[in-house]
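To start, the structure itself, in structure tokens.
No value in this document is a laboratory result; all are computed from the given coordinates. Note that the structure is predicted; figures quoted are calculated from it, not measured. Every residue, glycine among them, receives a Cβ derived from its backbone with ideal geometry; neighbour counts consider all protein chains shown.
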Amino acid sequence: MSQRIAWIDCWKGIAIITVVVSHIIEPVSKYLFWFHMPLFFFMSGYLYRNKSDYFAYFKRKFFHLLIPYLSFLILLSSHQYASYILNIWQQKGNYSINEVLKFTLNLVYGGENITGSLGIFWFVTCLFLTQQLYNLLYSRFGANHWLMITIMLGSYCLAMINCWFMQNVSFPWSMNVVAMALPFYWIGHMAASSSINHAKAAILSIVIIVVAFVIDNWAFFDITFNMKYRRYGVVIFNVVIALAGIIIVQELAKILYKKNYIGSALSEIGKASMIIMYLHQIIQLNMNKTLILNNEIIRLIAGLLIPYVLYKIINNYSIMRKIFLGEFATNKVVKTPDISKA
């Protein structure tokens, strides 16, 4: 495997670790929420290459993202349906039937309506919609740099309006969160071809995170950022903090991928990042119910390791790769972009 591939996988590995840690280790979760989900949209934009064939792009992303999404949604919700069926069989009442219908409608509606061990599923549909919208916008207006900036500023303003005035309104598939995700996706795409001084950017980013930490802890104002529930914190400052965290993780990945054992381990985790995304919550939440397994470190290791082992098993079977990884022939012809100098 080439170094540039290892670097991207290492980046994904660190990113997914921040997600798992944020769901398990409470003291640091708030600070990881500042940037960990924007990071995934940034990374996707970083790897984006213009696709003017809209249908081909839609088809490729549909198979790659939505087939695994539906597969895991059905698989991980099956135990809940089994429980409902058992209750209906025993009680023979309308209440259980109503619960089944409500649960099913929430799964179909998606977004923030899916909670608990399935709560992270909002990200996949939001990412899919963000990719499709960005591909459409960039294919048509990408040559006009200032127009794209205007569109992204408009998208950010819509996101903040949604945060301030429509906090209690739930949209299907988290399509309203696309308004906040789109600017991060665009910045990621622009960053792939930028020539900024990465060392200076990393130092400045560390300073920004430290300042944000001090401000938040001294209670000057609350810095909360949660994309799923559209709590976007302080206007403008929210983007600055998120980008600072993204840059720190990116530079860390570039350093660690050169370290043989650490880099290899992180790269392996990065390859399994989407499987970990889907499965870590159901694993660690169930472990948390058991006295001898509810230790945070044990749950963290299990939340990473068990999905990784399952990823390796899935990877051995063609049909499972299609169902749970979205690896169809339409996706295999796409070459990995050369970003070694980014």
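With angles folded into 0 to 90 degrees, how steeply does helix 237-256 sit against the dominant principal axis of the chain? Use alpha carbons for both and round to 10. Result, in degrees: 90.
What aspartates and glutamates sit close enough to residue 289 to cross-link, taking a C-alpha to C-alpha distance under 17 Å and skipping anything fewer than 8 places away on the same chain? Excluding near neighbours in sequence, the set is 26.
Taking the chain as a Gaussian network, where each spring joins two C-alpha atoms under 10 Å apart, which residue of 76, 86, 153 fluctuates the most? Greatest mean-square fluctuation among the candidates belongs to 86. Pairs to check: 200/254; 258/312; 12/259; 200/271; 59/254. Give those whose C-alpha atoms are more than 21 Å from each other in this structure. Over 21 Å apart, Cα to Cα: 258/312; 200/271; 59/254.
Considering only 154, 110, 245, the Gaussian network model of the chain with Cα springs below 10 Å gives its largest mean-square fluctuation to 154. Within the chain, the ratio Rg/Rh, alpha carbon atoms throughout and Rh by Kirkwood, equals 0.96. In a simple Cβ point-charge model (Lys, Arg +1; Asp, Glu -1; nothing else charged), the chain has a dipole of about 840 debye relative to its Cα centre. For region 193-305, the square roots a ≥ b ≥ c of the C-alpha gyration tensor eigenvalues yield an a/c of 1.5 or more together with a/b not exceeding b/c, which makes the shape oblate.
Which of 26, 296, 112 ends up with the largest GNM mean-square fluctuation for the chain, with Cα atoms connected below 10 Å? Between 26, 296, 112, it is 26 that shows the largest mean-square fluctuation. A convex hull fitted around the alpha carbon atoms of region 1-130 yields 153 Å³ per residue.
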